[in-house]
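Accompanying notes for the structure given below.
The values are calculated or read from the model by the stated rules, or taken from the named source; none is laboratory data. Predicted model only: the values in this text are computed from it and were never measured. Ideal geometry is used to build each Cβ from the backbone, glycine not excepted, and the neighbour counts take in all protein chains shown. All accessible areas refer to the heavy atoms of the entire protein, side chains included, with ligands and DNA or RNA removed. Shrake-Rupley method; radii C 1.70, N 1.55, O 1.52, S 1.80 Å.
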Amino acid sequence: VVSLGPVAIRQGGSIVFWRSGRLREIALSGEGERSLATLPHPPRELVASEGQLAWIQMDRESRTSLQTLSAGGVRVVYESDDNVSASVMRSAVVYWVLRSRDGSWKIGRVGLDGAHQETRARHGRPPAMLALGPDGVYFYDGPKRGVRRLTFDLQREDAVSTNVICSPLVVSRRVVCAHVGGLFVLPAAGTPRFLASERAGPITASVLRSPSNRS
């Protein structure tokens, strides 16, 4: 049994986690634990792709920073006054939902080289999660606007399905939604298709794997 601490993420054949002031890595077999960097406080979130690792940290003044490993130490990639409510990583780019103090929110992308872009600000409840698909970043924007797709360059946004409830959300070749009642697939057109009912309580997380998409 390995104590993984309060935050952990799988990266390839390993698990990266924080414990006792250090960021650590261990094989899925439970062997070969090693230290990656000194990190006095646990990250708010860890994000990873097959080749990159980053994390979101908040300081005492509630400033948010995106950080990554660099030569055995820690490098701050980007800093923001906004709060981050969701994040995912694709290759060397992190996508996150930024919540401003005025109640607005937007989606941003930050490359590990520091390049940063943001969508326009909007009001209302921010997405609780982001999901990577083969053609963009997907998110749920409330029952009326439904599931939305944003291209990876943040230049175009369109509707995948409207007037649906979809949280949590997972995307591969298919868009799969969970809500009270079970799991549903969102087709390109038409009504959601039932997959399975919930039996042990509300669905809080879902994962979809296929040979063509390992996100």
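Here is how the numbers come out for the structure above:
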quantity	calculated
Residue count for region 53-81, restricted to those that are basic (Lys, Arg) and loosely packed, with under 12 Cβ neighbours inside 10 Å	1
Residue within region 154-166 that is modelled with pLDDT of 80 or more, loosely packed, with under 11 Cβ neighbours inside 10 Å and not in a loop (DSSP other than H, G, I, E, B) present	yes
Considering residues of region 8-52 that are of a type in the set (Gly, Ala, Ser) and in a strand (DSSP E or B) only, the residue least open to solvent (accessible area, probe 1.4 Å)	ALA37
Any strands (runs of 3 or more DSSP E) falling wholly within region 99-148 and containing at least 3 residues that are in contact with a His (Cβ under 6 Å, 6 or more places away or on another chain) and under 21 Å from GLN67 (Cβ atoms)	none
